[in-house]
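Notes to accompany the following structure.
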Amino acid sequence: MYKVAVLASGSGSNLQAIIDNINNGYLNCSIEAVISDRQGCYAIERAKNNNIKTHILDRKILGEALSDDILSLVKGKADLIVLAGFLSILKGEILKEFKHRIINIHPSLIPAFCGNGMHGIKVHKSAIEYGVKLSGCTVHFVDEGCDTGPIILQSIVEVSEDDTPESLQRKVLIEEHISLSRAIKYLESGNIKVKGRRVIRDVEKD
């Protein structure tokens with residue numbers, strides 16, 4: 001069975017969507033571990049409620065060693081690492097060991113409103129201030145940059161004239177819950193190829 005490790009820093013709603021899609025049979029995989037980089041992360045409680053192994057690696061204590069400690073937990077135990085609202089930046093050996101096997105979901109249409117410091121409500125506030133008519137979410141591979149890896153898929157939402165950052169965030173979150181599981185399904189099916197920056201899907205394997 002395809003094995004997944006999920007990294008989260010917040011409430012874990014994307015984690016819950018993955019759990020739900022495993023339980024309903026959409027995903028044929030198992031979550032081997034949920035790892036958080038801070039204390040008090042509700043994603044850890046969601047994992048415990050579903051009998052999933054959990055680890056807390058406090059980024060304030062570990063600093064630059066965080067990525068190596070994550071690698072020690074997942075090496076040989078996971079086929080894919082999923083960043084589901086994980087705020088720390090992975091660095092070093094883990095990026096080589098899991099090349100094209102780490103994915104992240106970002107709440108905008110990359111390359112818009114992404115990069116260092118752009119996360120959570122800040123993304124949606126920036127989108128509204130800029131006056132975009134469309135926003136959405138992006139699932140991409142993780143590389144050495146911040147939100148710079150090859151794009152696997154994107155999902156679009158309309159930005160209404162009366163949208164607030166909070167209302168736009170709710171719209172995009174609905175699409176995040178769908179898109180992250182869809183990307184995992186593509187990968188577990190083995191129908192993704194990466195050519196340079198292009199991610200090519202063999203639809204016949206879906």
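Picking from residues in region 79-94 that are part of a loop (DSSP other than H, G, I, E, B) and under 22 Å from TYR42 (Cα atoms), the one that is modelled with the lowest pLDDT is LEU87. Within the option set ILE56, ILE105, being touching a helix residue (DSSP H, G or I) at 6+ places or on another chain (Cβ under 7 Å) and closer than 21 Å to ASP147 by Cβ holds for one residue only, ILE105. Sub-6 Å Cβ pairs linking a first residue in region 99-111 that is polar (S, T, N, Q) to a second residue that is at pLDDT 95 or above and part of a loop (DSSP other than H, G, I, E, B), at least 6 apart or interchain, are ASN104/VAL142; SER108/CYS114, ordered by first then second residue. Only one of the listed residues (LYS48, LYS77) is in contact (Cβ under 8 Å) with a residue 40 or more places away in the chain, more than 14 Å from the chain's Cα centre (by Cα) and loosely packed, with under 14 Cβ neighbours inside 10 Å. That residue is LYS77. Might you check whether a residue that is surrounded by fewer than 20 Cβ atoms within 10 Å (Cβ to Cβ), without any contact (Cβ under 8 Å) to a residue 24 or more places away in the chain and within 20 Å of VAL142 (Cα to Cα) occurs anywhere in region 24-31? No - not one qualifying residue is present in region 24-31. Considering region 95-206, the qualifying strands (runs of 3 or more DSSP E), each wholly inside and each with 2 or more residues that are surrounded by fewer than 22 Cβ atoms within 10 Å (Cβ to Cβ), run over 151-158, 192-195, 198-201. Condition check: at pLDDT 95 or above and either touching a helix residue (DSSP H, G or I) at 6+ places or on another chain (Cβ under 7 Å) or in the same structural domain as ALA183 (by TED's automatic domain parsing) (or both). Does ILE70 satisfy that? Against the criterion (at pLDDT 95 or above and either touching a helix residue (DSSP H, G or I) at 6+ places or on another chain (Cβ under 7 Å) or in the same structural domain as ALA183 (by TED's automatic domain parsing) (or both)), ILE70 qualifies. Taking each residue of region 184-198 that is of a type in the set (Ser, Thr, Tyr) and looking for partners that are part of a loop (DSSP other than H, G, I, E, B) with beta-carbon atoms closer than 7 Å, six or more apart or interchain, yields SER189/ASP206. Set side by side, the residues ILE200, ILE192 differ, and just one is more than 25 Å from ILE19 (Cβ to Cβ), outside the structural domain of GLY92 (by TED's automatic domain parsing) and aliphatic (A, V, I, L, M), which is ILE200.
The values are calculated or read from the model by the stated rules, or taken from the named source; none is laboratory data. If you're wondering where the values come from, they're calculated on a predicted model, not measured in any experiment. As a convention, Cβ positions derive from the backbone with ideal geometry for all residues, glycine included, and neighbour counts pool all protein chains shown.
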